[in-house]
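Read the figures in this text as sums done on the coordinates, not as results from a lab. Keep in mind that what you see is a predicted model, and the values were worked out from it rather than measured. Here the Cβ positions follow ideal geometry from the backbone for every residue, glycine too, while neighbour counts run over all protein chains shown.
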Amino acid sequence: MMLKGLLFLSVILLDKPLIQQQSYIPYDSGSSVKFKIKNLGVTITGSFTGLAGQIQFDPANLASSNFEATIDVSTINTGIDMRDEHLRKEEYFDAKNYPKIKFVSTKVTPSNRSGTLYIYGNLTIKNITKEISFPFKSTAQDGGYLFSGEFKINRRDFKVGGSSITMGDNLTVLLSVFAKKG
């Protein structure tokens, strides 16, 4: 009887991280993926929709956390239809051949700022993958989490925008991703 009790307790203790870690699905509704970049000295803003993916997140066990998300390139929206069509073309995002932008985390760690975490991962645009990292916050909300953060990338690293001299090289991506238990 004692052996059965110890065995049961061992199984419970070994499974504890699996029990606490939760699987979340990012919801396009309630989320935003925005960007801003200079063009002819003016800041242009835009957004993407079509957010999909899978998130494993446990704030008490960050080492087991994993984020994977995609957005639909064809949904780019800068508020000007003609510009959006231009950005979907081969010289920019080439939405026909590369319909998704993808991020896959490699690790999540605490930061030295209270309430802020740090995420490391691989960003793929036009089949070019680059390592990125950035701070983010996770806020419990409506049975899930709101993950928010921002990062900068160089568009030329991903062959977006060709040799345009009117457009800035660096852009800022602003994320607000709402995910619920899946």
Correct semi-axes for the chain, from √(5λ) of the alpha-carbon gyration tensor and rounded to whole Å with the largest first, are 38, 15, 15
Among beta bridges assigned by DSSP with both residues in the chain, the antiparallel ones amount in percent, to the nearest 5, to 100
Around Asn170 (Cβ within 11 Å, Cβ-to-Cβ, excluding Asn170; K/R +1, D/E -1) the net charge comes to +3
For the chain, whose charge dipole is built from +1 on Lys and Arg Cβ atoms and -1 on Asp and Glu Cβ atoms, the candidate among Thr106, Ser164, Tyr24 with its Cα farthest towards the positive end is Thr106
So, over other residues within a Cβ distance under 15 Å of Gly53, counting Lys, Arg +1 and Asp, Glu -1, the net charge is +1
Percent relative contact order for region 20-181, counting Cα pairs under 8 Å at least six residues apart, stands at 25
From the Cα centre of region 66-88 to that of region 130-182, the distance in Å is 13
To the nearest 20 debye, the chain has a Cα-centred charge dipole, built from +1 on Lys and Arg Cβ and -1 on Asp and Glu Cβ, of 280
